[in-house]
Amino acid sequence: MRLAPRQSLLLAGLALGVLALLAFSDSFTAGFALDNQLLILGDPRLHQANAQTIGDILQHTYWWPNGESGLYRPLTTLSYLFNYAILGNQTRPAGYHLVNLLLHLGNVWLVFALALRLARRFWTALSIAGVWAVDPVLTESVTNIAGRSDLLAAMAVLSGFLLYLKSAETRGWRRAACLLGLAAVTAAGAFSKESAVILPGVIAAHEIVWWKKRSALLWGCAATLPPIAAMLWQRSAVLAASLPAEFPLVDNPIAGADFWTGRLTALKVLSRYLWLTIWPLKLSADYSYSEIPLAHGSLKDWIAWIAIAAVLALVVVLWRRNRTAFFFACFAFLNFLPTSNLIFPVGTIMAERFLYLPSAGLVACIVLAIDAAWPRARLTATLLGLIAIGFGVRTWVRNLDWKDDLTMAAASVKTSPRSFKVHRLLAASLFQSDPSHSNIDRVLAEGDKSIAILDGLPNDVNTPEPWSLAAAWHLAKGDLSRPADRRAQYERAAQIALRSIAIEAAMRAAYDRRHGMTAPVPPTAAVGYRILASAYLRLGEAERALPPAMQARTINPSNTEAYGEIADAYLAQKRGEEAAIALAEGMFATSDPALRRDLLAVYRSGVDTKGCAIVPGPNGPALNPSCEIVRRDLCAGAARAHKQDYFLQLSCPNQTP
């Protein structure tokens, strides 16, 4: 019994859904790895759905308040808000993964519809959508929760293009409805991810390949350009109110290269993307410095460039031989172009998430090529079935790497061994995974690999975080070592912390020069100073520890540890009351009860010569403001913390900090 066309389509849609579900079934076990921790768990805008939080999402950048990256994706952030506050998923990742998978399923069906419309063969279209549905390079967009921007943008481009094709075939109110829908999905895509602005280019490419109705192209541009202009206007307003964003050289070396070196490197990276589409065995979540060297004319560079030239020649041949394959090649390139580094540098030199929608066009070209090479349908179906099974198994295995930072880092150091970032991530994950730090030697090995990769870079293009982390791990190693071995570790920690401080200062000075401004010092700049102070204290050099501890307090007055280090430095110099004032200042500035306990301990150590500083309280020992030394120290601490309300409570005399 022959199935009716509608029944065939329904069965095809069901089969594609089952196939994708099987490949990504284990994605629900993945947690909040990598960027998800800041974009979702660390974004206070997601905790409540109200006018204030929605306004903050619309008026700030994508990474706010955790940083600036020049990205504006409010619809993506609103989708996180939907999960976190409306669905109540909060810190439970399964709900986020469900939304991602549903979006991917929608895109799979849209790819099937597009392939069916252009290729005009049911089994060819089903093969294109089926192979793409389980492509392993898609895991960074589907299994990684923060890949949702790629899913939303792709859905907008695919559905918008299909609406455009439908509008070209209709008249009257049906055309108007299609064009209004096209405008709506264009706006949704543009406000989800910047790469969706390529939709008018895809429409234009279709008309160039199959030139039929010029008026349809004009109507398509009229529907897509206004929402894109609205997004660009709003984006420029939001970015103008933020600190200028920059792309660090350590994330994308192309940003620091001259024009031609940058473009030749981008072409070399393009060849790696093409290879990943064909052979997605070695996948990585990071390709930072120095995993992909800048192009310099090596044999590998020439092989990559020749491969790109060969592919370009093949695409030219497709113009005459197979217009459908030619269009899919153009579709892949156009959707890849905004993130290709060919026009301008982006935030990273390479990322597999950039292949999410472009890979649909590449897979279509591969399927069409197999169709043409093997005219026997059974052989073609067998080969494409084997490819889909192989891709599906690789995708299922790759999903397991996204469980957490530790599993992802362990996988990435094998595929990107020259990336400083994956060694740093592995070291940090190992350190956090074992509270006893019995694995400290492995932590140090990975941390030292990270800074060894960065060591040759000038300070103004380096990055301080791996250095400050490595210094902290050497401190921990010293604390766990025998007394005879501790000094070497503490000295190494101080040396690395000094480099971290120098890098941070040089980067900030260079940033200020480039933008003609004096940017505020970020709170993270205090980390290197704190670690340096801790190292000096452990080395018994209290006088050297005091200045960096005070600098850390100045940079980040809300950090509790800086006040403790200042107090320790004073105590080591037998300046007990100054230690008490430092703790009182921290107590007022941070409201941390641990500092109050430390202050009680200082008074017990002999600073309180009259024995009146501590009195019994309802919850245990308490400070006695009636005692002269306590009153004096609390007043001094309140003055330094600029807490004038405490002056009124304590009747402090006027004094300057």
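Take the conditions open to solvent by less than 20 Å² (accessible area, probe 1.4 Å), modelled with pLDDT under 95 and touching a helix residue (DSSP H, G or I) at 6+ places or on another chain (Cβ under 9 Å) and apply them to A572. Does it pass? Answer is no for this residue. Screening V185, V202, V197 for residues that are without any contact (Cβ under 8 Å) to a residue 40 or more places away in the chain, farther than 30 Å from V397 by Cα, buried (at least 18 other Cβ atoms within 10 Å of the Cβ) and among the β-branched types (V, I, T) leaves exactly one candidate, V185.
Surrounded by fewer than 18 Cβ atoms within 10 Å (Cβ to Cβ), among the basic types (K, R) and more than 15 Å from L537 (Cα to Cα): is that true of R482 in this structure? Answer is yes for this residue. Pick out the one residue from I555, I496 that is out of contact with any Gly (no Cβ under 6 Å at 6 or more places or on another chain), β-branched (V, I, T), at pLDDT 90 or above and open to solvent by 20 Å² or more (accessible area, probe 1.4 Å). Residue meeting the stated conditions: I555.
Kindly indicate whether R418 is surrounded by 24 or more Cβ atoms within 10 Å (Cβ to Cβ), touching a residue at least 24 places away in the same chain (Cβ under 8 Å), basic (K, R) and closer than 25 Å to P253 by Cα. Give the derivation first.
Details: surrounded by 24 or more Cβ atoms within 10 Å (Cβ to Cβ): no; touching a residue at least 24 places away in the same chain (Cβ under 8 Å): yes; basic (K, R): yes; closer than 25 Å to P253 by Cα: yes.
The answer is no for R418.
Residues that are part of a helix (DSSP H, G or I), surrounded by fewer than 23 Cβ atoms within 10 Å (Cβ to Cβ) and of a type outside the set (D, E, K, R) are absent from segment 527-536 altogether. Within segment 250-271, the set of residues being open to solvent by less than 40 Å² (accessible area, probe 1.4 Å) and either part of a helix (DSSP H, G or I) or more than 26 Å from T139 (Cα to Cα) (or both) comprises P253, I254, A257, T261, G262, R263, T265, A266, K268, V269, L270, S271.
The residue that is surrounded by the fewest Cβ atoms within 10 Å (Cβ to Cβ), among those in segment 575-597 that are assigned to a helix (DSSP H, G or I) and of a type in the set (K, R), is R597. Among the residues of segment 558-569, count how many are acidic (D, E) and surrounded by 24 or more Cβ atoms within 10 Å (Cβ to Cβ). So the answer is 1. Evaluating L102 against the criteria (1) buried (at least 21 other Cβ atoms within 10 Å of the Cβ); (2) closer than 24 Å to T395 by Cβ leaves one unmet condition, (1).
Select, from Y164, Y80, Y62, Y96, the only residue that is open to solvent by less than 30 Å² (accessible area, probe 1.4 Å) and in a loop (DSSP other than H, G, I, E, B). Checking each option against the conditions leaves just Y62.
Among the residues of segment 227-247, write down those that are in a helix (DSSP H, G or I) and either surrounded by 13 or more Cβ atoms within 10 Å (Cβ to Cβ) or touching a Cys at 6+ places or on another chain (Cβ under 9 Å) (or both). Step through it out loud before you land on a result.
Filtering segment 227-247 down to residues in a helix (DSSP H, G or I) leaves 227-240.
Once the filter is applied, which keeps residues that are in a helix (DSSP H, G or I) and either surrounded by 13 or more Cβ atoms within 10 Å (Cβ to Cβ) or touching a Cys at 6+ places or on another chain (Cβ under 9 Å) (or both), segment 227-247 yields P227, I228, A230, M231, L232, Q234, R235, V238, L239.
Screening E446 on (1) open to solvent by less than 50 Å² (accessible area, probe 1.4 Å); (2) more than 25 Å from S500 (Cα to Cα); (3) among the acidic types (D, E) shows it passes everything except condition (2). Identify the residue in segment 323-342 that is buried (at least 18 other Cβ atoms within 10 Å of the Cβ) and farther than 19 Å from F354 by Cβ and, among all such residues, is nearest to the chain's Cα centre (by Cα). So, considering only residues that are buried (at least 18 other Cβ atoms within 10 Å of the Cβ) and farther than 19 Å from F354 by Cβ, the one nearest to the chain's Cα centre (by Cα) is F327. Residues in segment 598-628 that are surrounded by 14 or more Cβ atoms within 10 Å (Cβ to Cβ) and either among the charged types (D, E, K, R) or part of a loop (DSSP other than H, G, I, E, B) (or both): D598, D608, C612, A613, N624, P625, C627.
Take the conditions β-branched (V, I, T), open to solvent by less than 40 Å² (accessible area, probe 1.4 Å) and either closer than 30 Å to D258 by Cβ or under 21 Å from the mean Cα position of the chain (by Cα) (or both) and apply them to T380. Does it pass? It is false that T380 is β-branched (V, I, T), open to solvent by less than 40 Å² (accessible area, probe 1.4 Å) and either closer than 30 Å to D258 by Cβ or under 21 Å from the mean Cα position of the chain (by Cα) (or both). Which members of segment 272-315 meet the condition of being open to solvent by 90 Å² or more (accessible area, probe 1.4 Å) and part of a helix (DSSP H, G or I)? Listed by number, the residues that qualify are W275, I278, L299, K300, W302, I303, I306, L312, L314.
Quick one: count up the residues across segment 5-63 that are of a type in the set (S, T, Y), under 30 Å from F112 (Cα atoms) and in contact with a Lys or Arg (Cβ under 7 Å, 6 or more places away or on another chain).
Filtering segment 5-63 down to residues of a type in the set (S, T, Y) leaves 8, 25, 27, 29, 53, 61-62.
Subset that is under 30 Å from F112 (Cα atoms): 8, 25, 27, 29.
Imposing the further condition that a residue be in contact with a Lys or Arg (Cβ under 7 Å, 6 or more places away or on another chain) reduces the set to 29.
So the count comes out to 1.
For segment 351-379, residues that are in contact (Cβ under 8 Å) with a residue 24 or more places away in the chain and over 20 Å from W275 (Cα atoms) total 3.
The values are calculated or read from the model by the stated rules, or taken from the named source; none is laboratory data. Since the model is a prediction, treat every value here as computed from it, not as a measurement. Glycine also receives a Cβ, built like all others from the backbone with ideal geometry; neighbour counts cover every protein chain displayed. Surface areas here come from the heavy atoms of the whole protein model, side chains and all, with no ligands, DNA or RNA. Shrake-Rupley method; radii C 1.70, N 1.55, O 1.52, S 1.80 Å.
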